[in-house]
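The values are calculated or read from the model by the stated rules, or taken from the named source; none is laboratory data. Bear in mind the structure is a predicted one, so any value in this text is a computation, not a measurement. Backbone-built Cβ (ideal geometry, glycine too); neighbour counts: all protein chains shown. The accessibility values were calculated without ligands, DNA or RNA, using every heavy atom of the protein model including side chains. Shrake-Rupley method; radii C 1.70, N 1.55, O 1.52, S 1.80 Å.
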Amino acid sequence: MKHFLSCDWGTSSLRVRLADTGDGKILAEARSGDGIAQTFEQWRVTGLAADKKAGFYMEVIDRQIRQLESQTGQSLNGLTLVLSGMASSSIGFIDLPYTSMPFNIDGPGVITTLISASREFDHDVLVISGAKTDSDVMRGEETQLIGCVEPGQEVSNELFIFPGTHSKHVLIKDNQAVGLKTYMTGELFSLLGQNSILKNSVEAGIFDANAFKQGLIDSGRGNLLHLIFKVRTNSLFDIRGKNENYHYLSGLLIGSEVRDMLSTDAETINLVCGDELRLPYQIALNELAADKKISMLPTDQAEQATVMGQLIIAKHLQMLT
């Protein structure tokens, strides 16, 4: 089989890609806003029986596969689908237990399940579960993590950062994922900017590095719950405009997140993200973690990490050859 279908199904978005089984190269991609949370709500209101749930979710994926067929001009029937993210959660179509940490980052340690092709959905589906510690969880990032490391590469003591709505910090020691912390940085930024008293004081615009850096600096000067109110007083006293405040608030929150990792004994900090969050996190790490070795995965490698992780796991299970 030369190609496979890669599905990254998050809380708020769905990505299905056609990829090469040799090198993981992405050949085509279809995206939608049909995230797991929205899909779960749509299924819930239908009143369908529980045994119809998987079929309902597969119809959502199938629409994206049809888009890929339109893009490529070829039938994708029968290709294996490898799926990671929130699909294996309690609001997904199958609730898999988390892989307990530590686990090996070369792939074999994660929990998976196989759903065989049927008349209704002509694809074998390999579902990859998430991972947990005693106090934290992740779904999707464990697959990204596996895809970030070259086969045979030794990772002795490094921290991997996956920024996003819920930013994940994963500590690797001797090729084992041993620690995990989640930071609600992105979600808190969204809530404050859209649903709090601060919403009339911020406005997205061109990145303001000076305001962002001031937020980074101020993030170390007191309690965050107090500091974020400065966004309000900045506006009231005409100290900062709305766009400046927007990036100042971002600096406060990202600064608070980054400062918490400074106590780690990891020798290298690896940033894994796309273009949208790359610059602010890069600035934050350079400003606040200058004594650490910082590694920025190239954007294209970061974007492809999930696909590569899925490929490594599927090949280990001899699902793809």
Worksheet item: Is it the case that some residue within segment 29-42 is surrounded by 14 or more Cβ atoms within 10 Å (Cβ to Cβ) and closer than 21 Å to Leu311 by Cβ?
Response: yes
Worksheet, complete the sentence: Checking Glu203, Glu257 in turn, the sole residue that is outside any helix (DSSP H, G or I) and within 30 Å of Met296 (Cα to Cα) turns out to be Glu203
Worksheet item: Out of the residues in segment 118-161 that are in a strand (DSSP E or B) and over 17 Å from Gln310 (Cα atoms), which is most open to solvent (accessible area, probe 1.4 Å)?
Response: Lys132
Worksheet entry | Selection status of Ala284, closer than 26 Å to Gly186 by Cβ, touching a helix residue (DSSP H, G or I) at 6+ places or on another chain (Cβ under 7 Å) and buried (at least 21 other Cβ atoms within 10 Å of the Cβ) | yes
Worksheet item: List pairs: first in segment 27-38 and in contact (Cβ under 8 Å) with a residue 12 or more places away in the chain, second charged (D, E, K, R), Cβ under 6 Å, 6+ apart or cross-chain?
Response: Glu29/Arg17; Arg31/Arg15
Practice prompt. Kindly provide the set of residues from segment 197-248 that are among the polar types (S, T, N, Q), open to solvent by less than 100 Å² (accessible area, probe 1.4 Å) and over 14 Å from Ala284 (Cβ atoms), ordered by number.
Written response: Ser201, Asn223, Thr233, Asn234, Ser235, Asn243, Asn245
Practice prompt. Please indicate, with yes or no, whether at least one residue in segment 92-100 is surrounded by fewer than 16 Cβ atoms within 10 Å (Cβ to Cβ) and either within 30 Å of Glu154 (Cβ to Cβ) or hydrophobic (A, V, I, L, M, F, W, C) (or both).
Written response: yes
Discussion item. Could you tell me how many of the residues in segment 11-64 are in a strand (DSSP E or B) and not basic (Lys, Arg)?
Written reply: 11
